[in-house]
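Visitor: Would you mind keeping the following structure in view while I ask a few things?
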Amino acid sequence: MLINQLQSAGGRWLACAFFGIAILIIISGCSTYQYQSALYPEPQRVYLAEVPFFAQEEYQCGPAALAMLLAWNGEEESLAQLGEQVYSPGLQGSLQPSIVAAARRRGYVAYPLHGWSELVAELKGGQPVMILQNLGLSWYPRWHYAVVIGYDQAVTTVMLHSGIYPEMQMPMGVFERTWRRGDYWGLVVVPPTVLPASATENAYLTAVVGLERAQQFSAATTAYLSAAKAWPNSFVAWMGAGNSSYNDGDIDTAIRSFRQAAALQPDNGVPLNNLALVLAQVGRHPEALAVIDQAINRGGKWQGMFRQTRQKIVAEAELAQ
Amino acid sequence: MRKKIIRYIGKPLCLFLALCFLTVDVGIRTAQAGMISTETVLAAQANNEARTQVVDFFAREDVRQVMTAQGVAADEVAARVASLSDAEIVQIANELDQLPAGASLGTVVGAVLFIFVVLLITDILGYTKVFTFVQPIR
């Protein structure tokens with residue numbers, strides 16, 4: 001009697017367990033991972049062992065992650081100071097734009113990336129990547145910044161400097177799901193002399209425009225020239241080099257860059273407009289007038305502005321005499 | 001008394017105000033002459049690329065067929081694309097970017113229908129006139 005009851009109870013447990021396992025198998029079979037297609041042709045394992053680690057204080061994962069990327073580039077920065085610029089006390093967290101801005105204020109190119117293939121490209125190129133994860137659920141978010149320092153296909157883990165845990169091993173599936181909820185957002189921070197491994201022309205130039213906006217004209221000039229080296233036909237790169245070096249007081253580089261840009265787009269008067277203003281600035285008025293006349297001849301939708309520039313140069317030339 | 005005052009200060013006041021307006025005008029003009037920023041150049045290039053992409057899309061043979069089947073001359077729509085603002089063009093280009101490479105006819109039809117909707121909205125606002133049945137709201 002007792003044995004019978006136990007046996008039937010055991011059977012019930014067994015059935016429950018069987019049913020549960022079946023559900024687990026079905027669920028795990030359903031989830032598809034982006035990383036599979038992205039990782040297969042790549043090296044099995046990448047590990048950047050030397051990325052420094054800073055343990056975060058409460059809610060301070062943003063400043064800590066940024067400090068690690070900066071330290072990797074040799075920029076020692078106190079967490080307290082970074083926290084002041086990055087952390088929003090009201091949100092108990094840090095917003096992506098303020099992290100990007102803090103890196104730019106130190107003269108670094110903050111290059112946002114998206115998805116697995118770019119993440120792997122950066123790691124292969126030797127850059128740790130800051131990523132945004134949602135460790136909670138979409139309707140109950142727990143946002144967290146961590147730094148990816150490697151991955152290993154053989155044991156399907158991602159290595160992270162995360163929170164108070166250095167070299168945390170996270171299963172790839174967990175990483176994939178939490179990162180997906182963060183919209184696959186990632187960030188690399190590089191000095192202006194270095195081009196990120198996954199950089200594309202327009203995305204990189206957009207990042208450097210941000211550096212220029214942060215008034216880091218010397219760093220922006222270097223970054224634009226790096227871009228011009230990688231993409232010699234990039235009109236925007238030469239325009240940017242001209243504008244930033246002019247703002248930095250480097251007239252020679254400005255003149256050279258605007259001339260390059262003008263040569264790349266022979267029917268665009270915009271580089272000539274800026275070149276004329278630079279020439280006028282250093283007192284070379286006759287040259288400036290010849291250049292702006294050339295711009296007016298090229299025409300286009302900026303022609304009205306070119307005429308204004310010409311008036312300005314004529315007025316300045318009269319004043320100078 | 002009051003008339004006297006008005007007569008007394010009227011002319012100089014008018015002259016003064018006229019001069020004020022002149023300086024305002026000059027102020028705006030000098031603000032226009034200057035360096036053209038990298039940001040502007042980059043935005044212009046991105047807009048150009050988006051525009052080329054949208055125009056190229058409408059030049060595709062299968063897209064032309066879909067448009068013709070809907071009773072809209074493809075050339076006419078391409079002409080109207082030229083009248084869309086940069087923001088609208090970028091929106092359409094983003095939509096086109098979502099198309100997988102070598103997309104099936106079904107997805108192409110979807111994209112064309114989306115552009116239909118955009119053009120329909122701009123028709124209603126009176127920016128474009130692709131569809132004869134739409135009465136603009138102004």
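Visitor: Among the numbered criteria (1) within 30 Å of A:Ala67 (Cα to Cα); (2) free of Cβ contacts under 8 Å to residues at least 12 places away in the same chain, which one does A:Pro232 miss?
Guide: Only one criterion is unmet by A:Pro232, namely (1).
Visitor: If I filter segment A:202-213 for residues that are closer than 17 Å to A:Gln127 by Cα, at pLDDT below 95, within 15 Å of the chain's Cα centre (by Cα) and not small (Gly, Ala, Ser), do I get at least one hit?
Guide: no
Visitor: Restricted to segment A:170-206, and to residues that are within 14 Å of chain B (Cβ to nearest Cβ) and not hydrophobic (A, V, I, L, M, F, W, C), which residue is surrounded by the most Cβ atoms within 10 Å (Cβ to Cβ)?
Guide: Restricting to residues being within 14 Å of chain B (Cβ to nearest Cβ) and not hydrophobic (A, V, I, L, M, F, W, C), the top hit is A:Tyr204.
Visitor: Which number in (1) within 13 Å of chain B (Cβ to nearest Cβ); (2) at positive phi marks the one condition that A:Ser234 misses?
Guide: A:Ser234 satisfies all of (1) within 13 Å of chain B (Cβ to nearest Cβ); (2) at positive phi except (2).
Visitor: Tell me which residues, restricted to segment A:255-273, are outside any loop (DSSP other than H, G, I, E, B), within 13 Å of chain B (Cβ to nearest Cβ) and among the polar types (S, T, N, Q).
Guide: Within segment A:255-273, A:Ser257, A:Asn273 qualify.
Visitor: Show the residue pairs that are 6+ apart or on different chains and have beta-carbon atoms under 9 Å apart, the first residue being within segment A:80-106 and part of a loop (DSSP other than H, G, I, E, B), the second being hydroxyl-bearing (Ser, Thr, Tyr).
Guide: Filtered contacts from segment A:80-106: A:Gln92/A:Tyr59; A:Leu95/A:Ser88.
Visitor: Can we say A:Val209 is away from every other protein chain (no Cβ under 14 Å) and not basic (Lys, Arg)?
Guide: no
Visitor: Which of the residues belonging to segment B:64-76 are hydrophobic (A, V, I, L, M, F, W, C), out of contact with any helix residue (DSSP H, G or I) (no Cβ under 6 Å at 6 or more places or on another chain) and part of a helix (DSSP H, G or I)?
Guide: B:Ala69
Visitor: Might you let me know whether segment A:133-150 holds any residue that is among the hydroxyl-bearing types (Ser, Thr, Tyr) and at pLDDT 90 or above?
Guide: yes
Visitor: Could you please give the count of residues in segment A:274-321 that are more than 10 Å from chain B (Cβ to nearest Cβ), assigned to a helix (DSSP H, G or I) and charged (D, E, K, R)?
Guide: 5
The values are calculated or read from the model by the stated rules, or taken from the named source; none is laboratory data. All figures in this text were calculated on a predicted structure; none of them were measured in a lab. Note that each Cβ is placed from the backbone with ideal geometry, even for glycine, and that neighbours are counted across all protein chains shown.
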